[in-house]
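Undergrad: What follows is a structure written as structure tokens; I'll ask about it next.
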Amino acid sequence: MLSVAHRVSIPAPHTHVVHVQTTIAGDVPDELVLFMPVWTPGSYLVREYSRHIEGLVADAPARVAKIRKNAWSVRGGGERVVVRYRVYANELTVRTSHVDDSHAFLVGAALFLGIEGHETLGARVEIEAPKEWRVTTSLPASPGAGYEAPDFDTLIDAPFEIGTHRQESFEVQGKPHRYSIWPAGLAGDADVHRLVDDTRSILAQEASLFGGSLPYEAYDLLLHLSPRGRGGLEHASSAALIASPSAFATRDGYLDLLSLVAHEAFHAWNVKRLRPAGLTPYRYQEECYTRLLWWFEGATSYYDWRVLRMARLCSVDEYLDHLATEIGYVDQTPGRLVHPLEEASFDAWIKLYRPDENSANSTVSYYRKGEVVCALLDLEIRARSNGKASLDRALAMLWEEYGARRRAVPEDGMQAIFERAAGVPLGDLFDAWIRSSSEIDFTPTLARFGLTLERTARPDAAPCTLGLRVRNDGGRATIAVVTRDGAAWRAGLDAGDEIVAVGGARVEGASVEVTLRGRAPGDTVDVVLARDGRLLTRRVTLDPPRHDRVKLVADRDAPPAARDAFTAWLGEPHPAWGAGGATP
Ligand SMILES: [Zn+2]
């Protein structure tokens, strides 16, 4: 038998350096290969975590040699091999480690070495942190000291928050839950208490969708408040969250935070325990491919807001506004007609996580189109089954047959499962929305729920457009994206070009729109560009304004059956139909 112990110490947090000492003892083979994962589950990009390792050595008599970018061979150590290394940790995201003089957030995949061929081996972890710091992780305490992970998967799946974070404990279904909030002072008492109350409602609602009970023994929510970004990463017994410190200040900000919490918690079932075959088992040294992220991220995105609605944490109007925004995103993404949803999932490693100026033209987010498609699937299943089934039923069936039994979902198995849940054929929808990149026609599906999609230009928009997106580069208007087949695309404007003047008017700041006032679609205009140190002029034929303001509007003449279907979907009639809107 082998035993593994990792001792982690942070003697000088302000240097962002973590020291790790790994001891492997027992029946040690003459050669061991140690590796660091190149990615972490839930975030589908090869991140090359090993680039932050420094000074890896083994205690004599063992000899260590680096054999790949992320792997080392250790020979001749006898019964006890000790390996020491340092890890530089200075990237504040949910999937990278961050250490500074205020805290340490440690991500297992970016910290611990695994032993090839021994991934089922457990490990003990001891943390030596500055005196006033406390350690929070979902790993269970070890009978001796520190923490115990039963296998490498669990070790990698349990991030650590170490520092002076605020801790708020609560129970759901009698199981312990904890918020750990860093930095401690950034959220007020009332805000934290409201967040805890609403999180309770979210988890109870999610449990009810998956047969009633929570899938874990205890759950940690590690919440970082920072203006540096927004994001989450799911784990089996915890979630890492990053949100703006202003999340509590506005209704929109708070709903966004709640949807993030609902999203990562939903993953405790959907993707952590209910898993696609392509991600089973995790292979940490290479990409793991799945075509099913349209479901595992798309459905999780659909349910994060729907759960807020089911738990009465947002209004019908707020819910519909959110869904309309997602539809607007799909509308405004030319890549929807290029890249089928399931291929966008497969290509996550090279597309979604590696955005560039051509992304919007060549691909579509499996989160956002996935959410829209899952919403439409829900509505179609309800409509085709005359209200007898819904996406909730497909979800419950997936959980019962696969998640609860720890069987991986076959990569080509979704349609059959959905059809069994719905009791009607759905192949046409899978072909149109998931397997191909054809345009989605929302109208017939929405009409059966009394809704119409209204697309208009922003009221303050210019009367015509160049068909591009601009970013403000220190007061310069730099083209960020040229929309496929739009006015700028046809005229040969490029991402990276600076727009100097439009129609003889100097572009001041980054405001291009103001130069388009008084012009009309079909007009031609000369655009002066700066590109690679040269000035160029291109003649552009202006397009009609983008109809990027999307609203889901209740049809006042919707028949009673459509109003009833709407009410069954969102829990109450649309406000536009009034209190007596639903038929008795
Ligand atoms: Zn997710």
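Just so you know, all these numbers are worked out from the coordinates, no wet-lab data involved. As the structure is a computational prediction, the values presented were derived from the model and not from experiment. No Cβ is skipped: glycine too gets one built from the backbone with ideal geometry, and neighbour counts run over all protein chains shown.
Undergrad: Lysines within cross-link reach of residue 175: Cα-Cα under 19 Å, excluding same-chain residues under 8 positions apart?
TA: Result set, ordered by chain and number: 272.
Undergrad: If the only charges are +1 at each Lys and Arg Cβ and -1 at each Asp and Glu Cβ, what is the size of the charge dipole of the chain around the Cα centre, to the nearest 20 debye?
TA: 540
Undergrad: For residue 184 and residue 519 in the same chain, what is the full-extension length gain: residue separation times 0.36 nm, less their Cα-Cα distance, in nm? Let's see the in-between values first.
TA: Numbers: separation 335, 0.36 × 335 = 120.60 nm, distance 5.31 nm.
Additional length available on full extension: 115.3 nm.
Undergrad: Related question: Full extension from residue 505 to residue 420: what is 0.36 nm times the residue separation minus their Cα-Cα distance, to one decimal in nm?
TA: Full extension from residue 505 to residue 420 adds 24.4 nm.
Undergrad: Between residue 131 and residue 90, how high is the FRET efficiency from 1/(1 + (r/R0)^6) when r is the Cβ-Cβ distance and R₀ = 25 Å? Nearest 0.05.
TA: Working from the Cβ atoms, E equals 0.65.
Undergrad: State the three equivalent ellipsoid semi-axes of the chain, derived from the C-alpha gyration tensor as the square roots of 5 times its eigenvalues, in descending order and whole Å. Walk me through the intermediate numbers first.
TA: Working: eigenvalues 385, 206, 108 Å².
Value: 44, 32, 23 Å, ordered largest first.
Undergrad: Among the aspartates and glutamates, which fall within straight-line cross-link reach of residue 388, defined as a Cα-Cα distance under 12 Å, with same-chain neighbours fewer than 8 residues apart omitted?
TA: Filter leaves 378, 380.
Undergrad: With 10 angstrom as the radius, rank 460, 100, 347 by how many other C-beta atoms surround their C-beta, starting from the fewest.
TA: Least crowded to most crowded, the residues run 460, 100, 347.
Undergrad: Give the relative contact order (percent, whole number) for segment 1-77; include only Cα pairs under 8 Å separated by 6+ residues. Working shown, then result.
TA: Details: 106 pairs, mean separation 20.3, N = 77.
Relative contact order for segment 1-77 comes out at 26 percent.
Undergrad: In square nanometres, what is the average projected area of the Cα convex hull of segment 368-452?
TA: Quarter of the Cα hull surface area: 5.8 nm².
Undergrad: Can you give the FRET efficiency for residue 484 and residue 256, using 1/(1 + (r/R0)^6), R0 = 30 Å, r = Cβ-Cβ distance, to the nearest 0.05?
TA: Working: r = 29 Å, r/R0 = 0.98.
Rounded to the nearest 0.05, the efficiency is 0.55.
Undergrad: A further question on this structure: I'd like the orientation of helix 316-331 relative to the chain: the angle between its Cα long axis and the longest Cα principal axis, in ° from 0 to 90, rounded to 10.
TA: Approximately 90 degrees, to the nearest 10.
Undergrad: If you don't mind, there's one more thing I want to ask. In the chain, if the dipole is taken from +1 on Lys/Arg beta carbons and -1 on Asp/Glu beta carbons about the Cα centre, which of 333, 530, 147 is farthest to the positive end?
TA: Highest projection toward the positive end goes to 530.
Undergrad: What shape does segment 258-355 have by the C-alpha gyration tensor, where a ≥ b ≥ c are the square roots of the eigenvalues, rounded means a/c under 1.5, and otherwise prolate means a/b greater than b/c and oblate the rest?
TA: It comes out oblate by the Cα gyration axes.
Undergrad: Classify segment 53-185: rounded, prolate or oblate, from the alpha-carbon gyration tensor (a ≥ b ≥ c, eigenvalue square roots; a/c under 1.5 rounded; otherwise prolate if a/b is larger than b/c)?
TA: Cα axes put segment 53-185 in the prolate bin.
Undergrad: Would you mind telling me the antiparallel percentage of the DSSP bridges in the chain, rounded to 5?
TA: The antiparallel proportion sits near 85 percent.
Undergrad: Placing unit charges on C-beta atoms (Lys and Arg positive, Asp and Glu negative, everything else neutral), compute the dipole magnitude of segment 384-457 about its Cα centre in debye, rounded to 20.
TA: That gives a dipole near 320 debye.
Undergrad: Once you sort the root eigenvalues of the Cα gyration tensor of segment 305-422 as a ≥ b ≥ c, which label holds: rounded (a/c under 1.5), prolate (a/b larger than b/c) or oblate (the other case)?
TA: oblate
Undergrad: Based on the inverse mean of 1/r over its pairs of different Cα atoms, what is the Kirkwood hydrodynamic radius of segment 3-119, in Å?
TA: On the way: mean 1/r = 0.0683 Å⁻¹.
So the Kirkwood estimate lands at 14.6 Å.
Undergrad: If you don't mind, there's one more thing I want to ask. What are the lysines whose alpha-carbon lies under 18 Å from the alpha-carbon of residue 369, with same-chain residues fewer than 8 places away excluded?
TA: 351, 551
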